[in-house]
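Enquirer: Here it is, the structure in full.
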Amino acid sequence: MARIFPILATQFTVFFIVSFFTINLAIGDEETFVRSVDRELLGVKKEKLSHFRLYWHDIVSGRNPSSIPVVQPVTNSSTFFGLINMIDNPLTLGPKMSSKMVGKAQGFYSSASQEGVGLLMAMNFAFMEGKYNGSTITILGRNPVFAEVREMPVIGGSGLFRFARGYVQARTHWLDNKTGDAIVRYDCYVMHY
């Protein structure tokens with residue numbers, strides 16, 4: 001019995017040490033999984049509110065459309081339910097296509113309502129001019145297209161719009177009922193650093 005006790009004590013000690021380090025390592029992993037970061041390291045300074053007024057050109061007709069259907073709507077739908085259009089729409093400073101282009105609206109919209117025309121909009125406003133060249137804001141929301149003013153959230157961004165949040169208001173500036181081409185004014189209110 002005297003010889004067994006030192007062996008058991010040694011095994012228990014080894015077991016205890018291994019268990020302690022295993023638990024400690026697991027806790028250590030959790031502590032490094034999430035940690036505080038100094039705002040200055042990310043370039044996060046004082047938050048500001050910016051307003052952009054842009055014109056979104058949805059060109060579905062002609063030889064070079066900027067919006068094309070990738071999924072057709074279900075048959076016999078007066079709301080085009082199920083339609084999905086991929087977009088690479090010009091964003092200009094004024095309502096005319098000859099106005100200065102400052103970016104592109106890239107993403108898709110889909111007809112997501114069976115009662116009335118309501119679109120799901122998922123798009124990035126990718127800026128290509130000036131201070132915001134290379135930066136984006138991301139818009140995701142419902143667009144009841146025949147309402148006078150439609151509001152959708154800004155859910156994020158990149159570049160100078162990291163950590164962005166806010167909303168956009170869309171107003172139809174012009175619509176060609178024959179071709180479906182449209183120009184929509186977007187007023188973007190974005191909180192960013």
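The values are calculated or read from the model by the stated rules, or taken from the named source; none is laboratory data. Owing to the predicted nature of the structure, the values given are computational and were not obtained by experimental measurement. Cβ: placed from backbone, ideal geometry, glycine included. Neighbour counts: every protein chain shown. Quick note on the areas: whole protein, heavy atoms, side chains included, nothing else; ligands and nucleic acids left out. Shrake-Rupley method; radii C 1.70, N 1.55, O 1.52, S 1.80 Å.
Enquirer: For segment 142-157, what are the residues that are open to solvent by less than 80 Å² (accessible area, probe 1.4 Å) and without any contact (Cβ under 8 Å) to a residue 24 or more places away in the chain?
Expert: The answer is ALA147, VAL149, ARG150, PRO153, GLY156.
Enquirer: In addition: Considering only residues that are of a type in the set (D, E, K, R), loosely packed, with under 15 Cβ neighbours inside 10 Å and closer than 17 Å to LEU91 by Cα, which ones fall in segment 170-193?
Expert: ARG171
Enquirer: Follow-up. Look at TYR167 and say whether it is open to solvent by 40 Å² or more (accessible area, probe 1.4 Å), under 14 Å from the mean Cα position of the chain (by Cα), hydroxyl-bearing (Ser, Thr, Tyr) and modelled with pLDDT of 95 or more.
Expert: yes
Enquirer: Residues in segment 19-27: is at least one modelled with pLDDT under 95, closer than 26 Å to GLY166 by Cα and either under 21 Å from the mean Cα position of the chain (by Cα) or in a helix (DSSP H, G or I) (or both)?
Expert: No, because not a single residue in segment 19-27 is modelled with pLDDT under 95, closer than 26 Å to GLY166 by Cα and either under 21 Å from the mean Cα position of the chain (by Cα) or in a helix (DSSP H, G or I) (or both).
Enquirer: What strands (runs of 3 or more DSSP E), lying completely within segment 59-129, carry at least 2 residues that are among the hydroxyl-bearing types (Ser, Thr, Tyr)?
Expert: It comes to 101-111.
Enquirer: Under 9 Å between Cβ atoms, at least 6 apart or on separate chains: pull out the pairs that start in segment 103-123 with a residue that is under 17 Å from TYR167 (Cβ atoms) and open to solvent by 20 Å² or more (accessible area, probe 1.4 Å) and end on any residue that is assigned to a loop (DSSP other than H, G, I, E, B) and of a type in the set (Val, Ile, Thr).
Expert: Correct list of pairs: LEU119/VAL145.
Enquirer: Can you report the number of residues in segment 130-168 which are assigned to a helix (DSSP H, G or I) and among the hydrophobic types (A, V, I, L, M, F, W, C)?
Expert: 2
Enquirer: Right, another one. How many of the residues making up segment 45-77 are open to solvent by 90 Å² or more (accessible area, probe 1.4 Å) and among the hydrophobic types (A, V, I, L, M, F, W, C)?
Expert: Residues that pass the stated criteria total 1.
Enquirer: Separate question: Out of (1) closer than 25 Å to ILE137 by Cβ; (2) open to solvent by 80 Å² or more (accessible area, probe 1.4 Å); (3) at pLDDT 95 or above, what's the single condition that is false for LEU42?
Expert: (3)
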